[in-house]
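Below: one structure, written as structure tokens.
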Amino acid sequence: MRSISNAIIHHKKLVVVVFLVIAGICSVLLTGVTVNYSMTDYLPENAQSTQAIGILDTQFDDAIPNARVMLRDVTITEALDYKAQLAAVDGVTDVIWLDDVADLKQPIETLDPDTVGDYYKDGSAVISLTIREGDEVRVTTDIYAIIGESNALSGSGVDMASAQNLTGNETQSATLILVPVIILILLLTTTSWLEPVLYLAAIGISVLINMGTNIVFGEISFITGAVSPILQLAVSLDYAIFLLRSFEEYRKQTDDVNEAMRLAMKRAFSSVTASAATTFFGFLALVFMKFQIGSDLGIVLVKGIVLSFISVMVFLPALTLTAYKLLDKTRHRKFLPEFKRVGNVAKKLRIPALILVLIVIVPSYLGQRNNDFSYGTAKLAEGSRVSVDTDATNEAFGRETPIVLLVPRGDVAREALLADELESLDHVTGIISYATTVGAAIPDDFVGDDITGRFYSDDYARIIVYTDTADEGTIAFSTVESVLNTAEDYYPDGVYAAGSSVTMYDMRTVVTADNRLVNLIAIAAILLVLLITFKSLTLPLILIVTIETAIWVNLSIPYFTGDKMVFIGYLVLNTVQLGATVDYAILLTNHYTQHRREMGKFQALKLTFSEVFESILTSGSILALAGFALFVTSTNQIVAEMGLLLGRGTLLSMGLVLFFLPAALTLFDKAIQKTTLHSGFLRSDKS
């Protein structure tokens, strides 16, 4: 370590320049990183909806309808003209209206009124569209230009376009809220106006490098893009704080700033490594999710922790030594008190805290296991055009959630029987297939390829089943099961289905299975790190119970308030809160065990609090505010809920570390002494 620190100190200006150049390059590379907004792309390859989408992509020109246009006050002729204009938009791959299911050469009064009512009623028409994946923003803009302000556009493709327009701005908004608040907190806890700038520079550069190096993946998920920069900044800021505070302490012992930094780097290395390791393994657990959006987020966060560690241990020392004279010139008095008596408060509250945790731990554990979950991402902003258009279309024509069935080709009569039975199912409002549109009696050889191509590939027949359910929920999932079971009765060798409700159905299956695996990996990995760090059998268990209790309380709140939770947020937060906040418990426990070798347990507790209270308060406040900033600024349901859970969970973790953990440490003091290798605890408790 000494040779490395000597090299960094000797070449400090070169180190600063190299990091700035790399950051500049990564800021350019960042513009080439694509953000993927499709949850479907992150399902496992063996999920049946993923296989169905693969078949649709390779064997059919038309995908799943994902948008609806409602035209107000139009005639049949005018609706057909609009349909032609919509079909001509580049990126619209399929358009379905009344003329596709009925012969409009006949008087409309002679047609089946139920069929007509699904597409045209009270002078309004609703047209189903398929917008090509990846072109949502441009295509919706073109469609708005065609239909104007008086008509409505809605659907999952439109929701995705809205999310793409908002997410980048929302991440910037969260950053604009968070950075000034972080600076204010750091100014209150530091003694130089420049010091917060150094912290943010070191971590900010690592965030920029992390996001730019995502170019090697080609694309990242929208959740990763929104969450990872802010989470990396908030979680790893501690590393920089610890290094510079060590530097300030050693400067009081020596006039040689290079020697002070060398000693600070040596001291910080082991502490920052231990802190980064727990966060690293907590985030690494996400990589094992079968639902690959967790893996996507986990890889970027793990890479971010490594880069933050390198930046703090290499770039920050060089930057600080380059600017230390300016650091000295911008000194100010410390605004916060020393918190010398806070240990007395912790001592008095330890028993009430212990009793409170014993009361809430079981209900919280059971509550968080019985939450009501949702699995989607969309949360339309109230009053937005997308929200207003969706409500208006649903009110006029009912909700529409299509399911695309793929069955083996070759038996049109069986397709007709299947279509009849599907149409009799609850919540099925219509069927579009070759048998229902062209007729089972007409051989497909007699019909042009432009028509048969919509329904048949070489191997499969495509049947669109329209339902009136939401994308997810008990009714939606039972409808998906009914459709699949009915189709399998006719085609026992296997059928495939795709659509937003089918995707959510598969997602529920996959992420539920992910939950136990990811949690076990995270807990086991962090337990191992704690075991190595403390060389104790009891301390790792006490620390894990402390943070896990905070997690259970956090995740049980929606159960007791009767609110739904987004399962992805629930799953990710389980590991993120553990990995991000166990550091507070490590910091407090480290100081306690060191002082316990020289004094009684209550004296050690009081001294520990005077030393770590401010650090935990500073770090926890920053992480909590990072979460709340995401919650306030994001209209995406997953990102917003993850932000709320992170903010609230961090405050809960802080509370338990500051009040329950001291109670546990003093209560189990003798057990810790006996189960810790070379504990060296002072046997006579003089407190």
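The values are calculated or read from the model by the stated rules, or taken from the named source; none is laboratory data. This is a predicted model, so every value here is computed, not measured. As a convention, Cβ positions derive from the backbone with ideal geometry for all residues, glycine included, and neighbour counts pool all protein chains shown. Each accessible area value is taken on the protein alone, full model and side chains, heavy atoms only, with ligands, DNA and RNA left out. Shrake-Rupley method; radii C 1.70, N 1.55, O 1.52, S 1.80 Å.
For segment 111-148, a residue qualifies if it is out of contact with any Phe, Trp or Tyr (no Cβ under 8 Å at 6 or more places or on another chain) and aliphatic (A, V, I, L, M), and the qualifying residues are LEU111, VAL116, LEU129, ILE131, VAL137, VAL139, ILE143, ALA145.
Here segment 53-71 is the region considered, the condition is being touching a residue at least 24 places away in the same chain (Cβ under 8 Å) and assigned to a helix (DSSP H, G or I), and the residue that is farthest from GLY91 (Cα to Cα) is ILE55. Taken as a whole, segment 116-128 holds at least one residue that is outside any strand (DSSP E or B) and either within 25 Å of the chain's Cα centre (by Cα) or on the phi > 0 side of the Ramachandran plot (or both).
Residue under question is VAL345, and the condition is that it be modelled with pLDDT under 85, of a type outside the set (Ser, Thr, Tyr) and in a helix (DSSP H, G or I); does it hold? Working first, answer last.
Details: modelled with pLDDT under 85: yes; of a type outside the set (Ser, Thr, Tyr): yes; in a helix (DSSP H, G or I): yes.
Against the criterion (modelled with pLDDT under 85, of a type outside the set (Ser, Thr, Tyr) and in a helix (DSSP H, G or I)), VAL345 qualifies.
Considering THR50, THR93, the condition of being open to solvent by less than 70 Å² (accessible area, probe 1.4 Å) and assigned to a helix (DSSP H, G or I) is satisfied by THR50 alone. Of all residues being among the small types (Gly, Ala, Ser) and not in a helix (DSSP H, G or I) in segment 449-488, which is nearest to ASP372 (Cα to Cα)? Just the residue, please. Filtering first and then ranking leaves GLY473.
Scanning segment 638-685 for residues that are hydroxyl-bearing (Ser, Thr, Tyr), in a helix (DSSP H, G or I) and surrounded by fewer than 17 Cβ atoms within 10 Å (Cβ to Cβ) turns up just one, THR675. Residues of segment 460-493 that are farther than 18 Å from ILE64 by Cβ, among the small types (Gly, Ala, Ser) and touching a residue at least 40 places away in the same chain (Cβ under 8 Å): GLY473, SER482.
The single residue among SER271, SER295, SER275 that is surrounded by fewer than 20 Cβ atoms within 10 Å (Cβ to Cβ), over 17 Å from THR190 (Cβ atoms) and at pLDDT below 85 turns out to be SER271.
Quick grid of which residues meet (1) at pLDDT 90 or above; (2) open to solvent by 60 Å² or more (accessible area, probe 1.4 Å):
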site	(1), (2)
VAL18	yes, yes
ILE22	yes, yes
LEU30	yes, yes
ILE55	no, no
ASP61	no, yes
PRO65	no, no
VAL69	yes, no
VAL74	yes, no
TYR82	yes, no
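Summed over segment 323-342, residues that are surrounded by 14 or more Cβ atoms within 10 Å (Cβ to Cβ) and assigned to a helix (DSSP H, G or I) total 4.
For segment 375-389, which positions are modelled with pLDDT under 90 and either of a type in the set (Val, Ile, Thr) or surrounded by 22 or more Cβ atoms within 10 Å (Cβ to Cβ) (or both)? Scanning segment 375-389 gives TYR375, GLY376, THR377, VAL386. For ASP135, the requirement of being in contact (Cβ under 8 Å) with a residue 12 or more places away in the chain, of a type in the set (Asp, Glu) and either exposed (fewer than 14 other Cβ atoms within 10 Å of the Cβ) or closer than 26 Å to ASP458 by Cα (or both) is not met.
Checked against the criterion of being without any contact (Cβ under 8 Å) to a residue 40 or more places away in the chain and farther than 19 Å from LEU29 by Cβ, the candidates LEU297, LEU284, LEU244, LEU200 yield just one match: LEU200.
Can you say whether ALA476 is open to solvent by less than 10 Å² (accessible area, probe 1.4 Å), in contact with a Phe, Trp or Tyr (Cβ under 8 Å, 6 or more places away or on another chain) and modelled with pLDDT of 90 or more, as far as the supplied structure shows? Judged against the criteria, ALA476 is a match.
Just one of the listed residues (LEU263, LEU231) is in contact (Cβ under 8 Å) with a residue 12 or more places away in the chain and surrounded by fewer than 21 Cβ atoms within 10 Å (Cβ to Cβ), and it is LEU263.
In the set (1) more than 23 Å from THR130 (Cβ to Cβ); (2) in contact with a helix residue (DSSP H, G or I) (Cβ under 6 Å, 6 or more places away or on another chain); (3) open to solvent by 10 Å² or more (accessible area, probe 1.4 Å), the condition left unmet by TRP193 is number (2).
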